[in-house]
Amino acid sequence: MNVLTCIKRVPATAGHIALTPDGQEIDTRYLGFTISPHEECAVEEAVRLIEKHGGTTTVLTLGPEAATDQLRDAMALGIERAILLETDGREWDPAATAAAIVEAIQAERAAGRTYDIVMFGNESADSAGYQVGVRVSEALDLPCVTAIKALDVAGGTVNVRRQTESGWETAEVALPAVLAVKEGINLPRYPSLPGRLKAKKKEIERIKPEWRDGGLEKVRLKLPVQAAHSVEVLGKNGDVSAELVQLFRRLSLL
Amino acid sequence: MILAFVDHVDGAPTILSLEVLTMARRLAQEMAAPLDAVVIGPKGGSAAGIFTSYGVRALHVADDGRLAEYAPAAWAQSLVELVGREHPELVIGTASDRGAEVMAHLAARMALPLAANCTEVMPGDPFTVTRQRWGGSLLEEARVKGAVKLLTLAPHALTAEASPSRTDVATRQWTPRLEDKAFRVRIIPQVEADTGKISLAQARVVVGGGRGVGSAEGFASLEELAQHLGGAVGCSRAVTSLGWRPHSDQVGQTGTRIAPDLYIACGISGAIQHMVGCRAAKHILAINTDPAAPIVQQADYAVIGDVQKVLRAVNTQIRKVRGR
Ligand SMILES: Cc1cc2nc3c(=O)[nH]c(=O)nc-3n(C[C@H](O)[C@H](O)[C@H](O)COP(=O)(O)OP(=O)(O)OC[C@H]3O[C@@H](n4cnc5c(N)ncnc54)[C@H](O)[C@@H]3O)c2cc1C
Ligand SMILES: Nc1ncnc2c1ncn2[C@@H]1O[C@H](COP(=O)(O)O)[C@@H](O)[C@H]1O
């Protein structure tokens, strides 16, 4: 079985977000970068599938040269090959991103490499368009399921589970297919030291796609307005259990 | 014409769909355009009455026995057909799993852009929208082009409001032409036994634990407090990554969104991705050793101290006042 996983490099924001003065980007001067969380799980799922069923795994990203870090992070977890669709750092909208990924998959096919599963995150952490995977599936005429919380491949089909407010739903889909997964489908492993070293030495294949207009254009980023706010400190280092019980009573919880 | 794509359970629109109808009614007024709604499935027309208070002119019902089950591509193809026939200027749907998925298929099939999770919409050509990134901790102003504008509405960007004035809604059933291929993916609901556990999303009280709880065993004191208050236990992503709690307990951007009366955040720093999951809480109580932690700044009440010491004391106190 051959699995391709599409990942995105995103800033590892934490306590708060600051924007660049022109409002075009997140100020990343003091930030690290990471793979978007749902896709970390997609990478783990791909590695597990290959461990179980045999085959090959490839990871792909559309992003700047620096995104090779995230490709190597994925290879450190057990992915064998990596493809960088190199950009000049400009924003690609979801339709344009999907088109570039489709072209790359077609080029792979022309080189004799086909995929049984093309794996995506349900949504990218930073732009959250909820669509790149679906668009790729439509362009390649493959079935697609999103929001997957569990999957199991048996023979030529995959059984998937999705979570709803009131329980679960399932689908059985013939391969090849496009699958978009959510965090929680697995607990990604930590990379081993030998894994990291091996990934460091690996070749990364590069393609430079042409930027295109997908029809969704970022004008600027904005921080949500926070309402003025004050905090009541109930206690510091002393026994505050009486105050807490009072609070719970005031809120009619006790 | 504006077309609202309505997700429903046996014909009754979901809450998020009522929000979509409310936004669509507002936009229809602004654009001086009529508002139509579409529901997919044979039971789609059974709650037509609801649409009368949302200014809907016509309710389109895609009627085909195979559409009783949710099949994303078939639902999308039904919309493609309707859009091709009725030429709406705008199609707006929910940002639920289903809404997002169907709208993405529709966008791909019509080669149109799609703006997901919009909170504000300014009609024009192009449309200007405000949409959520990072689960809502960052907003983007964007232009949406294309002959038909496609949007999904962020959950709870506005409150659903039935209008006091009623319209006459014409129900128009049609049977879309659908190849078998559109049913390659059919989503089947699983009937599962009710575990009786209070769900995180619905709990009145959530006791959340972060890395500061110290260990998986450390959650025992959170479990006890949750039990006293009739609540559920939640956690941060740091905790799920450490394997201390299952992912189903995770609150935040890639976890569950909660809306309790009280959220008790224990040993949680308050990263933006965590806060977007709990900002609908009416009150937040933070228990943290660090008075400068972001969660303390955003809480209504704070206790500065060690989470285990604080919880042990309060659990003892509650047992005492309850005479147990
Ligand atoms: C794209 C993306 C999505 C993410 N999605 C989520 C998400 O859905 N949910 C989520 O939670 N996170 C999410 N994160 C991770 C998030 O950025 C933080 O890393 C995470 O929330 C930190 O968890 P924490 O607060 O438990 O740990 P820390 O940040 O390490 O904080 C621990 C806190 O405990 C306090 N503490 C330590 N010891 C004690 C003690 N003895 N008593 C009391 N307090 C103590 C410390 O002062 C500190 O404030 C996401 C990150 C990214 C990049
Ligand atoms: N630049 C990118 N490179 C590779 N994969 C991407 C990129 N952007 C998005 N994806 C994939 O598409 C999924 C959905 O993205 P989105 O439609 O932006 O929410 C992500 O979880 C990734 O798996």
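Coordinate-derived values only; no laboratory data. Here the structure is a predicted model, which means the values were calculated and not measured. Note that each Cβ is placed from the backbone with ideal geometry, even for glycine, and that neighbours are counted across all protein chains shown.
Things to note:
- Fewest-first sequence of B:V233, B:V191, B:V38 by Cβ atoms within 10 Å of each Cβ: B:V191, B:V233, B:V38
- Whole-Å distance, taken between Cα centres, linking region B:1-56 and region B:251-277: 32 Å
- Charged neighbours of A:A150, selected by a Cβ distance under 15 Å, balance to -2 (K, R count +1; D, E count -1).
- Measuring max minus min along each principal axis, the C-alpha atoms of region B:209-249 give extents of 27, 19, 12 Å (largest first).
- Cα-based helix-to-principal-axis angle, B:97-110 vs chain B, degrees rounded to 10: 40 degrees
- Hydrodynamic radius by Kirkwood, which averages 1/r over all alpha carbon pairs of the protein assembly as shown, in angstrom: 25.0 Å
- Residues B:S78, B:S221, A:S166, sorted so that the one with the fewest Cβ neighbours within 10 Å comes first: A:S166, B:S221, B:S78
- Normalising the average separation of contacting C-alpha pairs (under 8 angstrom, six or more residues apart) by the number of residues puts the relative contact order of chain B at 14 percent.
- Least to most buried among B:M31, A:M119 (fewest other Cβ within 10 Å first): B:M31, A:M119
- Radius 14 Å from Cβ of B:S248, net charge of other residues (Lys, Arg +1; Asp, Glu -1): +4
- By the rule of a C-alpha distance below 23 Å, with chain neighbours fewer than 8 residues away ignored, the lysines paired with A:K52 are A:K149, A:K182, A:K198.
- Net charge of the neighbourhood of A:L253, taken over other residues with C-beta under 13 Å away and scored Lys/Arg +1, Asp/Glu -1, is +4.
- Estimated vicinal HN-Hα couplings, Hz - region A:37-53 in sequence order (Karplus 6.51, -1.76, 1.60; Gly, Pro = x): x, 4, 6, 4, 6, 5, 4, 4, 5, 4, 5, 5, 4, 6, 4, 7, 10
- Shape of region B:205-324, Cα gyration tensor, a/c cut at 1.5: rounded
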